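In what follows, a single structure is set out as structure tokens and then discussed.
The values are calculated or read from the model by the stated rules, or taken from the named source; none is laboratory data. Just so it is clear, the structure is predicted and the values come from calculations on it, not from any experiment. Neighbour counts run over all protein chains shown; Cβ positions are idealised from the backbone, glycine included. For the accessible areas, the whole protein counts, side chains as well, though only heavy atoms, and no ligand, DNA or RNA atoms are used. Shrake-Rupley method; radii C 1.70, N 1.55, O 1.52, S 1.80 Å.
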Amino acid sequence: MSNQNAQNTKPTHNICKKTWNGKRSEFDQIGVAWEKENGLYIKLYGTQIVDGGFYAFRNDQQQSQEGGQ
């Protein structure tokens, strides 16, 4: 798999970080991913320092999930 090959197709996942805003949680998109035969190729936007992990949501799932999880 090459980076160029992954970037020629539409991403299959959005990469999001869960943040808390008072009593509500929100998801901020920090990158995208492509599903490949041997796993996910993940491309984060800019230079990321991720503390506590992140979520990979399929593009066909609703991304605006808010509330207690």
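Scan the range 32-56 for residues that are at positive phi and part of a strand (DSSP E or B) and report the count.
Of the residues in that region, 1 qualify.
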Quiz prompt | Count of residues meeting criterion [closer than 17 Å to K10 by Cβ and open to solvent by less than 90 Å² (accessible area, probe 1.4 Å)] in the range 44-60 | solution = 3
Self-check item: Filtered residue count, the range 19-36, keeping only those that are touching a residue at least 24 places away in the same chain (Cβ under 8 Å) and open to solvent by 30 Å² or more (accessible area, probe 1.4 Å)
Solution: 5
Quiz item: Using beta carbons and a limit of 7 Å, which pairs, at least six apart or on different chains, have the first residue in the range 45-69 and at pLDDT 85 or above and the second one in a loop (DSSP other than H, G, I, E, B)?
Solution: F57/Q63; R58/T12; N59/P11; N59/T12
